[in-house]
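Reading through the structure tokens given below for one structure.
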Amino acid sequence: MTNSTKGRLIVASLLSAMGLTGCVSQSKYDALQAQNQQLQQQNASMSQQIAADKAQINRLQGAIKYTVNSDLLFPSGGWQMSAQGKQIIARMAAKLAPTEQNKILVNGYTDNAPIGPALRQQGITSNEMLSQKRAENVMEYLVSQGMKPDLVEAHGYGDTQPVASNDTAKGRAENRRVELTLGSPTS
């Protein structure tokens, strides 16, 4: 091997070593590191947004249910809404009516206490009838507050679907309720 060939090999070796150790300058490395960090933050933010969107979609696919204790809406043993009950339902209607696209189901429920003589005089002979009258009263009030009549339905279930034991006053109070269920958008 000649000296010039040896020299070329040494220079080539040094250049390749320098090239391998300094492929990227520190400033370029820092810039790439900062860009990587920014992309990771964007990815995390997008992942959170996707999770929030999925939750929103799941909520929209299912129904949203709002339960109101009947004692807040009706006088004891009655089926016509009290002033307080009208305020509660009016607040709900004010929020829903402007963008109403979904059917609202108004379901009435009672405890298992027998119907009293005052209600019997009004022709209400069962808890199912009482719960139906209450549900219809809420439905009519929703419509009077701007809800679309064709998107509101009322059903009375009486004491057939208790959420608590009817053996205690607290349980009976929980069973006397009106559920407003916001369903899927109508097509």
What pairs can you find where one residue is in the stretch 147-169 and in contact (Cβ under 8 Å) with a residue 24 or more places away in the chain, the other is in a strand (DSSP E or B) and small (Gly, Ala, Ser), and their Cβ atoms are less than 8 Å apart, with a gap of 6+ or different chains?
154/108; 155/108; 156/108; 157/108
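Can you give me the ranges of the helices (runs of 4 or more DSSP H) entirely in the stretch 105-187 with at least 2 residues that are within 18 Å of residue 69 (Cα to Cα), among the hydrophobic types (A, V, I, L, M, F, W, C) and modelled with pLDDT of 95 or more?
Values: elements: 117-121, 127-144, 169-175.
Once the helices (runs of 4 or more DSSP H) in the stretch 105-187 are filtered for at least 2 residues that are within 18 Å of residue 69 (Cα to Cα), among the hydrophobic types (A, V, I, L, M, F, W, C) and modelled with pLDDT of 95 or more, what remains is 127-144.
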If you go through the stretch 90-104, how many residues are modelled with pLDDT of 90 or more and of a type in the set (S, T, N, Q)?
0
What are the residues in the stretch 141-175 that are closer than 18 Å to residue 86 by Cβ and touching a strand residue (DSSP E or B) at 6+ places or on another chain (Cβ under 8 Å), if any?
142, 143, 147, 152, 154
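The values are calculated or read from the model by the stated rules, or taken from the named source; none is laboratory data. Everything numeric here is computed off the predicted structure, so don't read it as measured data. Cβ: placed from backbone, ideal geometry, glycine included. Neighbour counts: every protein chain shown.
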